1. Would you tally the residues in the range 62-78 being at pLDDT below 90, within 13 Å of the chain's Cα centre (by Cα) and part of a loop (DSSP other than H, G, I, E, B)?
2. On the basis of being open to solvent by less than 30 Å² (accessible area, probe 1.4 Å) and free of Cβ contacts under 8 Å to residues at least 60 places away in the same chain, does LEU47 make the cut?
3. Can you tell me which residue in the range 17-34 is modelled with the highest pLDDT, limited to those that are farther than 14 Å from LEU61 by Cβ and surrounded by fewer than 12 Cβ atoms within 10 Å (Cβ to Cβ)?
4. Output yes when any residue across the range 57-66 is open to solvent by 80 Å² or more (accessible area, probe 1.4 Å) and in contact with a Gly (Cβ under 8 Å, 6 or more places away or on another chain), and no when none is.
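The values are calculated or read from the model by the stated rules, or taken from the named source; none is laboratory data. Here the structure is a predicted model, which is why all the values come from computation and not from measurement. Note: ideal-geometry Cβ built from the backbone for every residue, glycine included; neighbour counts use all protein chains shown. Accessible surface areas use protein heavy atoms only, side chains included; no ligands, DNA or RNA. Shrake-Rupley method; radii C 1.70, N 1.55, O 1.52, S 1.80 Å.
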Amino acid sequence: STNGENWNAANFEGEEWLSPEHECEWGSLECNEDQIIKKIGLDSSNLSGTIPFEICGLPLLEVIDLDDNKVGGNIPLNIGKCEN
């Protein structure tokens, strides 16, 4: 939903997204000591579209930086139903 095949990966530091490595090794993600994602930093990454509801699957996410992208539309109504 955010045009992933056209992301600008030049801004990512670390492993390529969707690589077999643990997600905490992928670029632009920060995890806590328990290897749970707490920050997504995808500013200036050529994202477009809307924020998917699946973001709720990241229970300890504290920060999501999508600055300088083409993410738009309404925030999904269901996002208020995230448990965490």
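1. Residues meeting the conditions: 3.
2. Yes.
3. GLU33
4. Within the range 57-66, none of the residues are open to solvent by 80 Å² or more (accessible area, probe 1.4 Å) and in contact with a Gly (Cβ under 8 Å, 6 or more places away or on another chain).
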